[in-house]
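See structure below.
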Amino acid sequence: GVNNKTAALKVTNPGYPGAPSSIKITKSSEGAHLSWEPPHCPAGNILEYSVCLAVRKSNTNAPTTDGSKTNTPANVAFFRVYCGPANQAVVLNSSLSAAHIDTTSKPAIIFRIAAKK
C-alpha cells in the first residue's frame with residue numbers, strides 16, 4: 001500500500017528573514033528598553049532592524065506610517081522609533097506619550113519589530 005506521511009510546513013516569503021524572537025520589554029527612567037533575538041531563519045545576513053510604535057492618529061506630531069496594512073483600529077498608525085543594526089532599542093518617554101493603548105485584553109502598548117537583510 002501507499003505510505004502517507006503528513007508534514008507541517010510554515011510558508012514564508014523566499015529571501016525574507018523570519019521574525020525576531022524572544023522579545024523582552026522593560027521600563028526604565030528613559031522609556032521602554034526592547035531587546036530581541038535574531039530570526040531563527042535569517043535567510044542571509046541581517047543588515048538592520050526596525051521598531052515601530054502604534055500611536056493615536058490624532059497626534060499630529062507623529063511621523064507618517066510605514067504604509068503596511070494591519071488589523072489595528074482605524075485611529076491607529078505606526079511610526080518608526082528605531083532603525084539600526086543592534087538587536088535592542090530604547091523608546092523614549094517622549095515617544096511613548098503618544099502611544100496607542102490597546103485595551104483588548106489588558107492595557108498594552110503595541111510595537112512591531114522587523115528584520116531586514
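The values are calculated or read from the model by the stated rules, or taken from the named source; none is laboratory data. Keep in mind the model is a prediction, meaning the values are calculated, not measured. Glycine also receives a Cβ, built like all others from the backbone with ideal geometry; neighbour counts cover every protein chain displayed.
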For this session: Being at pLDDT below 95 and among the hydrophobic types (A, V, I, L, M, F, W, C) is the filter here, so list the residues in the stretch 66-95 that pass it.
Result: Ala74, Val76, Ala77, Phe78, Phe79
Exercise. Applying the selection to the stretch 24-56, what residues are surrounded by fewer than 19 Cβ atoms within 10 Å (Cβ to Cβ) and in contact with a helix residue (DSSP H, G or I) (Cβ under 8 Å, 6 or more places away or on another chain)?
Worked result: Glu30, Gly31
Exercise. Of the conditions (1) modelled with pLDDT under 75; (2) more than 16 Å from Ala114 (Cβ to Cβ); (3) small (Gly, Ala, Ser), Ala99 fails just one. Which one is it?
Worked result: (1)
Seminar exercise, completed: All-but-one check, Ser28 against (1) modelled with pLDDT of 90 or more; (2) within 19 Å of Pro17 (Cα to Cα), failing number (2)
Problem set entry | Candidates Ser105, Ser95, filtered to the one that is out of contact with any His (no Cβ under 6 Å at 6 or more places or on another chain) and free of Cβ contacts under 8 Å to residues at least 24 places away in the same chain | Ser105
